[in-house]
1. Just order 34-45, 56-67 by mean Cβ neighbour count inside 10 Å, highest at the front, would you?
2. Run the numbers for Asn35 and Ser7: contour at 0.36 nm per residue of separation, minus the present Cα-Cα distance, in nm.
3. Charges only on Cβ, +1 for Lys and Arg, -1 for Asp and Glu: so what's the dipole of the range 8-88 about the Cα centre, in debye to the nearest 20?
4. Given Cα pairs under 8 Å that are at least 6 residues apart, what percent is the relative contact order of the chain?
5. What is the extension gain from Lys24 to Arg67, computed as 0.36 nm multiplied by their sequence separation minus the C-alpha to C-alpha distance, in nm to one decimal?
6. Excluding residues fewer than 8 places away in the same chain, name every one of the aspartates and glutamates whose C-alpha is closer than 19 Å to that of Lys3.
7. Read phi for every residue in the range 16-26 and hand back ³J(HN,Hα) as whole Hz from Karplus 6.51 cos²θ - 1.76 cosθ + 1.60, θ = phi - 60°, with x for Gly and Pro.
8. Compute the Cα gyration tensor for the range 3-86, then decide on rounded, prolate or oblate, letting a ≥ b ≥ c be the square roots of its eigenvalues: rounded whenever a/c is under 1.5, prolate when a/b is larger than b/c in the other cases, and oblate in all that remain.
Amino acid sequence: MAKIRFSKRFTKAYLRLPMEIREKVKKALALLEENPRHPSLQTKPIKGARGFFEARVDIHYRMTYVRLADDTLEMSYVDRHDDTLKNP
């Protein structure tokens, strides 16, 4: 079970999301905390952004994070797929 920590950037982006997407983010975060390799998250490294990973919220939204040495996942950003991957 991973620990999750939130960057200020992630929190600001999260608060700008529509309420229905926020609920999906909460569910995805619970899965990520329980099992970072859960199949529905489709987690994978982001090409060209060393150390960053993406996780699926839904078909249009992604969240990014980095893995820290103490098995903590620091959530970096959440937004629409393309916007998130341009600037993880």
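Each reported figure results from applying straightforward, stated rules to the coordinates on display, with no laboratory input. Since we're looking at a predicted model, the values are computed, not measured. Cβ: placed from backbone, ideal geometry, glycine included. Neighbour counts: every protein chain shown.
1. 56-67, 34-45
2. 8.1 nm
3. Details: 17 positive and 12 negative charges, 53 e Å.
Here the size comes out at about 260 debye.
4. Working: 142 pairs, mean separation 28.1, N = 88.
Result for the chain is 32 percent.
5. 13.3 nm
6. Straight-line reach from Lys3, under 19 Å: Glu33, Glu34, Glu54, Asp70, Asp71, Glu74.
7. Per residue, the Karplus-derived 3J(HN,Hα) values read 7, 6, x, 4, 5, 6, 4, 5, 5, 4, 4 Hz.
8. rounded
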